[in-house]
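Chemist: Mind looking over this structure? Questions follow.
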Amino acid sequence: QKPKRMDVIFSFAREIESGNADAKKFVDSIGGLDKLFALVISLGEYPPASVDTCMRHLFTSDSGFAMLSSDKALQSLVAGCKASEYPSIQTLTLRQLNHWNAQEKTAEFLVQTTELFNAIVSNVLNEDTSVNQAAATTLFNLVQVSPSRLAKFFSEPTMMLLFPEEEQKEDGSPAQLERRLRALAMCIKVASVSKEAFAAFKSTGRLALWSNSLSSGTVQADPLLLLNFLELASVMVGSEAGLHELVSQGIIGQVLQLVPPLPSQEKEEEEEDMLVHMVRCGVIQFLEKFADAAYRCNWQDWAAHTQLADFLGDHIHINPRNEEDKNIVRSAINTVSTIACSSTSGLLLMAANPSSSSSSSSSSSSSSRRSPLFAVPVFARSQDESLKVAALNGLAAVLSVPAATTPLPLSSSSSSLSSASPPPPSTTTGGREEAVEEKADQVAKAMLQALFEPAHCPGYSSCLHVVKRLSEVPIEEIQLSAIRVLIAVATRSWGVPMLLQEPGLFEYLLDNTDTKLQLKARQLRFTVVEQLKNNPVYTQQGALNDQQRQAVETYLAKTAQLAPASVATMGAS
């Protein structure tokens, strides 16, 4: 009778599209809910689209809900969730239940139906990936939109299902830790919804299981499991509450201990163990995400951990022989640049020479290596496009930070942040403040000048000559990144004379006849000239001669349509 029942499904799908669907009549035509469930199960993982259309309507329509909420139907749904010998049936049932999240009435019914709710929760720990992912999706969609449902999720009975008492000890078997990982992933995802949700999870006492697991011997002996637990930290940095919790737990010190020192000079040509290398990539990429999140939250002193600058200095200097190495270097470039942008203290920290007590025995001695900050512009001369772009964008970002950024006191601890508010203003005296700002401005200029090294730049005469050439490269990402550096230079007091004194650069910027340039590049070049005119140095006597001022005024008047607001308006019209 299967072909006949399929005809009924196809017919019902058409009725749904026309708005004339009758769920009860449809179920009766199939032979009842049991027959319908059996038919859907028999169709396997990839049934016709019309089947999903019919089941969605059945779970979301009032008449369908009246049938599915009966005791007999609920027993079938619970049985489907618990059919451990048939993961495909469990997955199918969980996916169908997810349809109930589309409406408040049905979602609330699902939460209040304890046996069914608990069956969904328990499947988060299921070893079958399809089952646990379907359970996690259904559960997240169910609880994340309502305070009362969040409270139900973080209640002790639910937590006991996710974290059985016998599995809450600090260490455990690999299988136990895998289950704990899935439970923590579910909780952290839900907790990241809001500050209140994170507080509710923390109050359960289970958040400590993450930190304990990361430092456990079993996890550290299994690189893949270690990476999965580290990935949970990457999820936490997505919320301000999660970021604060990580800082308070001293996460920077923890992750820096997860990888061994880089190979010594004698061994650097040897291939590092693949799994160890994967952990190294995971750690440096986590630091990149953490730096970006901390910058967005205006948390500035986290980077003062005593080992962080050395760690970044070691990894920004590795020889990128393959894509994985390039990813490490690129993440190091981005992390160093973000820290340097966050505060004057961050800039000076990244500019300092590597510590002689560096834990790494990398390819060259610490005293002869560049600081992390001054290594960044060197990669603008790299043959690799992605590293070149990362270096130029990092340089532009650092140069764009206003020189008047208030310096913050450096702390010797990564866990010095004790509240969710930005640190208080520095109490440094005015004279000291000015001296620090002047030093920071000099560091930013030195970072730009590190682009040019005569021994490594044949055919170039200065750092801006290098930038100008890069802005002419017919690769859009490189071109735009180089022009962003010029914009940043134009904001600095010392940038105006540098731009004017570089042979051919002033004329290049005012040239509006280059039809090969894309609109974005032309718009950014306009911004360079605009920033030049807005710089206080521009109005000082002797900064520009009358001919140069007239050329700037004429260019800006003729190309006003390239201003960002004008371009946006033109696009909208």
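Chemist: Sort out which residues of segment 9-44 are part of a helix (DSSP H, G or I) and small (Gly, Ala, Ser), and write them in order of number.
Modeler: Step one: filter segment 9-44 for residues part of a helix (DSSP H, G or I), giving 9-18, 23-30, 33-42.
Once the filter is applied, which keeps residues that are part of a helix (DSSP H, G or I) and small (Gly, Ala, Ser), segment 9-44 yields 11, 13, 18, 23, 29, 38, 42.
Chemist: Please find, among 516, 520, the residue that is among the basic types (Lys, Arg), part of a helix (DSSP H, G or I) and either within 34 Å of the chain's Cα centre (by Cα) or loosely packed, with under 15 Cβ neighbours inside 10 Å (or both). Show your work before the answer.
Modeler: On the way: 516 fails: part of a helix (DSSP H, G or I).
From the options 516, 520, the qualifying one is 520.
Chemist: Another question, if that's okay. Please count how many residues of segment 269-314 are closer than 12 Å to residue 334 by Cα and over 16 Å from the mean Cα position of the chain (by Cα).
Modeler: 1
Chemist: Just give me the residues in segment 212-222 being open to solvent by 50 Å² or more (accessible area, probe 1.4 Å) and either on the phi > 0 side of the Ramachandran plot or not in a helix (DSSP H, G or I) (or both), in sequence order.
Modeler: Selection gives 215, 221, 222.
Chemist: Right, another one. Residue 209 fails exactly one of the following numbered conditions: (1) open to solvent by 30 Å² or more (accessible area, probe 1.4 Å); (2) over 25 Å from residue 304 (Cβ atoms); (3) assigned to a helix (DSSP H, G or I). What is the number of that condition?
Modeler: Unmet condition: (1).
Chemist: Go through segment 27-42 residue by residue and tally those that are over 18 Å from residue 17 (Cα atoms) and open to solvent by less than 40 Å² (accessible area, probe 1.4 Å).
Modeler: So the answer is 7.
Chemist: Against the condition open to solvent by 50 Å² or more (accessible area, probe 1.4 Å), more than 28 Å from residue 382 (Cα to Cα) and modelled with pLDDT under 95, how does residue 431 come out, does it pass?
Modeler: On the way: open to solvent by 50 Å² or more (accessible area, probe 1.4 Å): yes; more than 28 Å from residue 382 (Cα to Cα): yes; modelled with pLDDT under 95: yes.
Considered against the rule, which asks whether it is open to solvent by 50 Å² or more (accessible area, probe 1.4 Å), more than 28 Å from residue 382 (Cα to Cα) and modelled with pLDDT under 95, residue 431 comes out as yes.
Chemist: Report the residue count in segment 131-161 for those that are within 21 Å of residue 203 (Cα to Cα), in a helix (DSSP H, G or I), among the hydrophobic types (A, V, I, L, M, F, W, C) and open to solvent by 10 Å² or more (accessible area, probe 1.4 Å).
Modeler: Total meeting the criteria: 5.
Chemist: Condition first: surrounded by fewer than 24 Cβ atoms within 10 Å (Cβ to Cβ) and either of a type in the set (Val, Ile, Thr) or not in a helix (DSSP H, G or I) (or both). Now tell me which residues in segment 317-352 satisfy that.
Modeler: 317, 318, 319, 320, 321, 322, 328, 352 - these are the residues of segment 317-352 that are surrounded by fewer than 24 Cβ atoms within 10 Å (Cβ to Cβ) and either of a type in the set (Val, Ile, Thr) or not in a helix (DSSP H, G or I) (or both).
Chemist: So which residues in segment 443-484 are of a type in the set (Ser, Thr, Tyr) and open to solvent by less than 20 Å² (accessible area, probe 1.4 Å)? Lay out the reasoning, then the answer.
Modeler: Applying the first criterion (of a type in the set (Ser, Thr, Tyr)) to segment 443-484 yields 460-462, 471, 481.
Residues satisfying the conditions are 471, 481.
Chemist: Restricting attention to segment 81-111, and to residues there that are over 27 Å from residue 15 (Cα atoms) and in a loop (DSSP other than H, G, I, E, B), which single residue is most open to solvent (accessible area, probe 1.4 Å)?
Modeler: Filtering first and then ranking leaves 85.
Chemist: Taking only pairs six or more apart or across chains, which ones have beta-carbon atoms under 8 Å, a first residue in segment 543-565 that is more than 15 Å from residue 531 (Cα to Cα), and a second residue that is open to solvent by 80 Å² or more (accessible area, probe 1.4 Å)?
Modeler: Hits for this filter: 561/570.
Chemist: Here is a follow-up. I'm trying to understand the selection: among the residues of segment 117-130, which are touching a helix residue (DSSP H, G or I) at 6+ places or on another chain (Cβ under 8 Å), in a helix (DSSP H, G or I) and either more than 15 Å from residue 162 (Cα to Cα) or in contact (Cβ under 8 Å) with a residue 60 or more places away in the chain (or both)?
Modeler: 124, 130
Chemist: Do you know which of the residues in segment 70-80 that are assigned to a helix (DSSP H, G or I) and free of Cβ contacts under 8 Å to residues at least 12 places away in the same chain is farthest from residue 33 (Cα to Cα)? Steps first, please.
Modeler: Keep residues of segment 70-80 that are assigned to a helix (DSSP H, G or I), which gives 71-80.
Next, from what is left, pick out any that are free of Cβ contacts under 8 Å to residues at least 12 places away in the same chain: 71, 75, 79.
Values: 71: 12, 75: 12, 79: 14 Å.
It comes out as 79.
Chemist: Between a first residue in segment 282-296 that is among the aromatic types (Phe, Trp, Tyr) and a second residue that is not in a helix (DSSP H, G or I), which pairs have beta carbons less than 6 Å apart while being 6 or more apart in sequence or on different chains?
Modeler: Listed pairs, sorted by first residue: 290/237.
Chemist: Are any residues in segment 182-204 open to solvent by 20 Å² or more (accessible area, probe 1.4 Å), in contact with a Phe, Trp or Tyr (Cβ under 6 Å, 6 or more places away or on another chain) and over 15 Å from residue 121 (Cβ atoms), and if so, which ones?
Modeler: Within segment 182-204, just 200 meets the criteria.
Chemist: Let me ask you something else. Given the conditions (1) surrounded by fewer than 18 Cβ atoms within 10 Å (Cβ to Cβ); (2) over 19 Å from residue 540 (Cβ atoms), which single one is not true for residue 493?
Modeler: (2)
Chemist: Considering only residues that are buried (at least 18 other Cβ atoms within 10 Å of the Cβ) and part of a loop (DSSP other than H, G, I, E, B), which ones fall in segment 45-69?
Modeler: 47, 61
Chemist: Residue 313 passes all but one of (1) open to solvent by 60 Å² or more (accessible area, probe 1.4 Å); (2) modelled with pLDDT of 85 or more; which number fails?
Modeler: In the conditions (1) open to solvent by 60 Å² or more (accessible area, probe 1.4 Å); (2) modelled with pLDDT of 85 or more, residue 313 misses (1) alone.
The values are calculated or read from the model by the stated rules, or taken from the named source; none is laboratory data. This is a predicted model, so every value here is computed, not measured. Counting neighbours? That spans all protein chains shown, and the Cβs are built from the backbone with ideal geometry, glycine included. Remember, those area values only see protein heavy atoms, side chains included, never the ligands or the DNA or RNA. Shrake-Rupley method; radii C 1.70, N 1.55, O 1.52, S 1.80 Å.
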